[in-house]
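Some notes on the structure that comes next.
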Amino acid sequence: MSTRSVIAIEDPDKQCRGIYCHFDGYVSNNGRLLIEHYNTPELAEALLALGNLSCLGERLAPKPGEAHDYDSPVRDICIAYHRDRSEDYQPPKFWHDANYLLSKASDSYWAEYVYLFREGLWYVDSTYQPLGWRPVAEVLKDEESKSDE
C-alpha cells in the first residue's frame, strides 16, 4: 500500500508546477523530509527537476561512486522513476493555481496529500479532507501534540 502525494512549487503568478511521489506521502514522512532537506527555492527546484518519484529521500542523488538504484539498500536518496527505474522522464505538471491543483491531485494521481512550496515555506493539504493550506511545520507540531496526549 502506498500513500501518494504531489510535491509542487507555487510561482509568483500563482501557477503551480508539481511532481508525483508514490510512497510515504504522509506528513510525518514526506512533509518532514521537505521542511528538513528541501527548504530553499533552489533545493525545491532541484527536487522538481527529478520528475516523478517513487519515493522521497533526504538526498537528491548519490555521492560520486556510491551505488544507487531502485533495489539499493541505501534509502536516504530520492528514487526517481527515470533515473533509477529506467522509465520515461515525467517532467513537472502545471496547474493554474494551488486550489485547482488540490482539486485535481486525487483524480490525476490518487494523491492523498499535496505539498506546496510557497514564499519560502512548505504547506500541505489533504485531497480527501481539505482543511486549507497549512505550514507543514505546524501540522507536524499538532501531530506530535496529539501523540503526547
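For region 35-110, the set of chymotrypsin sites (Phe, Trp or Tyr not before Pro) satisfying both a DSSP loop assignment and a count of at most 15 other C-beta atoms within 10 Å is given as Y70, Y89, W110.
The amide H of W122, built 1.01 Å from its N in the peptide plane, has V136 as neighbours under 5 Å, considering only residues 5 or more places off or on other chains. The per residue volume of the convex hull around the alpha-carbon atoms of region 1-65 is 97 Å³. Backbone geometry of region 32-38 corresponds, through the Karplus equation with coefficients 6.51, -1.76 and 1.60 at θ = phi - 60°, to 3J(HN,Hα) couplings of 4, 4, 5, 6, 8, 10, 9 Hz, x marking Gly and Pro.
A DSSP coil position with no more than 16 other Cβ atoms inside 10 Å describes the following trypsin sites (Lys or Arg not before Pro) in region 73-108: R75.
Loop-located GluC sites (Glu not before Pro) in region 1-87 (DSSP state not H, G, I, E or B) with no more than 14 neighbouring Cβ atoms inside 10 Å: E58, E66, E87. Which option, (1) 1.22; (2) 1.00; (3) 2.20, is the value of Cα Rg over 2.2 N^0.38 Å that was calculated from these coordinates? Identified label for the calculated read-out: (2). Computed about its Cα centre, the charge dipole of the chain is approximately 260 debye, with only Lys, Arg, Asp and Glu carrying charge at their Cβ. The accessible-area ordering, largest first, of the residues F117, F23 stands as F23, F117, per a 1.4 angstrom probe.
The A67 and L43 beta-carbon pair, evaluated with R₀ = 22 Å, returns a calculated FRET efficiency of approximately 0.40. Determine ³J(HN,Hα), in whole Hz, for all residues of region 54-59 in sequence, where each value follows from phi through the Karplus function 6.51 cos²θ - 1.76 cosθ + 1.60 and θ = phi - 60°; x replaces Gly and Pro. Values per residue, Gly and Pro as x: 6, 8, 8, x, 5, 10 Hz. Protein-only accessible surface at a 1.4 angstrom probe places the residues S145, S106 in the order S145, S106, largest first.
Quick check: at a probe of 1.4 Å, how many percent of the accessible area of region 1-84 sits on carbon and sulfur atoms? In region 1-84, the share of accessible area belonging to carbon and sulfur is 54 percent.
Here the 3J(HN,Hα) profile of region 4-16, calculated from phi with Karplus coefficients 6.51, -1.76 and 1.60 at θ = phi - 60°, is 7, 8, 10, 10, 9, 10, 9, 7, x, 7, 6, 5, 10 Hz, Gly and Pro shown as x.
Accessible surface computed residue by residue for the chain, with neighbouring protein chains in place and a 1.4 Å probe, gives 54 Å² per residue. With both residues required to sit in the chain, DSSP beta bridges show an antiparallel share near 75%.
The values are calculated or read from the model by the stated rules, or taken from the named source; none is laboratory data. What you see is a predicted model, and the numbers here were worked out from it, not measured in a lab. Using ideal geometry, Cβ is built from the backbone for each residue, glycine included, and neighbour counts are taken over all protein chains shown. Surface accessibility is based on the protein's heavy atoms, side chains included, excluding ligands, DNA and RNA. Shrake-Rupley method; radii C 1.70, N 1.55, O 1.52, S 1.80 Å.
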